[in-house]
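The values are calculated or read from the model by the stated rules, or taken from the named source; none is laboratory data. This one's a predicted model, so the numbers in the text were calculated from it and none came from an experiment. Here the Cβ positions follow ideal geometry from the backbone for every residue, glycine too, while neighbour counts run over all protein chains shown. Surface accessibility is based on the protein's heavy atoms, side chains included, excluding ligands, DNA and RNA. Shrake-Rupley method; radii C 1.70, N 1.55, O 1.52, S 1.80 Å.
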Amino acid sequence: EYIYFRTDHHWTALGAYYAYEQFCKTKGITPTPIDDYQKVEYPNFVGSFYASSNQVASLKENPDTVIGYIPKSTNDMFFIDSNLQRVDWRVVYDVSDYDTGAKYSAFAAADQMYAQIDNPALSDGSSCVVIKESYGNAFIPFLVDHYQHVYIVDYRYFYKYPDYNNSIYQLVTKNNVSDVIFLNNADAMT
């Protein structure tokens with residue numbers, strides 16, 4: 001199955017979906033069937049393996065397709081940019097016109113210091129913090145329908161975000177977060 005890209009080190013949205021199913025099983029909730037999502041496709045993606053291989057022609061000749069699954073309850077989110085300004089964005093963003101190497105940026109505003117998704121369909125106070133690097137991006141859209149608030153922290157850049165005194169602990173406690181989810185590739189653990 002197409003759960004990892006050929007030209008990039010990330011998992012595909014299908015690979016992230018399988019992890020989401022296991023997350024739901026562990027948490028005791030029902031995963032949304034993958035066929036219930038609106039599916040979007042962004043072809044001609046050549047990612048990190050292509051870039052780090054000195055642009056090997058065989059990878060460019062066999063590009064990947066980035067597939068995204070739009071959350072059912074909302075596709076709206078915001079992130080804080082490097083100037084500490086709020087930017088309204090999409091959970092699954094249309095990257096059709098992006099450079100071939102940037103199409104994985106379709107998920108959750110890519111690698112921002114802080115981002116947030118507020119689900120208008122829920123008012124139960126449920127929330128999670130996702131601590132991640134880029135590998136977690138494709139997983140985040142699947143969380144949206146289960147939480148009123150999804151707080152997203154890229155630990156590589158969060159130290160630049162002055163709110164919460166640069167403390168994930170404060171983010172968790174001030175927002176009464178119930179779940180903290182770490183999503184990283186195996187290399188990040190080293």
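For Thr65, are the conditions met, namely being over 23 Å from Ala115 (Cα atoms), assigned to a loop (DSSP other than H, G, I, E, B) and open to solvent by 20 Å² or more (accessible area, probe 1.4 Å)? Criteria not met by Thr65.
Being of a type in the set (Phe, Trp, Tyr) and within 14 Å of Ala138 (Cα to Cα) is the filter; apply it to the range 82-124 and report the residue that is most open to solvent (accessible area, probe 1.4 Å). Per the criteria, the residue is Tyr93. Going by the conditions given, is Thr7 touching a strand residue (DSSP E or B) at 6+ places or on another chain (Cβ under 6 Å), open to solvent by less than 90 Å² (accessible area, probe 1.4 Å) and not acidic (Asp, Glu)? Yes.
When Glu41 is tested against (1) surrounded by 15 or more Cβ atoms within 10 Å (Cβ to Cβ); (2) touching a residue at least 24 places away in the same chain (Cβ under 8 Å), just one condition goes unmet, and that condition is (1).
Against the definition (modelled with pLDDT of 95 or more and either assigned to a loop (DSSP other than H, G, I, E, B) or among the aliphatic types (A, V, I, L, M) (or both)), how does Asp99 come out, yes or no? Considered against the rule, which asks whether it is modelled with pLDDT of 95 or more and either assigned to a loop (DSSP other than H, G, I, E, B) or among the aliphatic types (A, V, I, L, M) (or both), Asp99 comes out as yes. The set of residues from the range 7-26 being over 13 Å from the mean Cα position of the chain (by Cα) and assigned to a loop (DSSP other than H, G, I, E, B) comprises Thr7, Asp8, His9. Condition check for Ser48 on (1) open to solvent by 20 Å² or more (accessible area, probe 1.4 Å); (2) touching a strand residue (DSSP E or B) at 6+ places or on another chain (Cβ under 8 Å): one failure, at (2). In the set (1) surrounded by 22 or more Cβ atoms within 10 Å (Cβ to Cβ); (2) without any contact (Cβ under 8 Å) to a residue 40 or more places away in the chain, Lys174 fails one condition alone, (1). Screening Tyr159 on (1) in a loop (DSSP other than H, G, I, E, B); (2) surrounded by fewer than 20 Cβ atoms within 10 Å (Cβ to Cβ) shows it passes everything except condition (1).
Quick check on the range 178-186. Is at least one of its residues assigned to a loop (DSSP other than H, G, I, E, B), loosely packed, with under 15 Cβ neighbours inside 10 Å, at pLDDT below 95 and touching a Lys or Arg at 6+ places or on another chain (Cβ under 7 Å)? Among the residues of the range 178-186, at least one is assigned to a loop (DSSP other than H, G, I, E, B), loosely packed, with under 15 Cβ neighbours inside 10 Å, at pLDDT below 95 and touching a Lys or Arg at 6+ places or on another chain (Cβ under 7 Å), which makes the answer yes.
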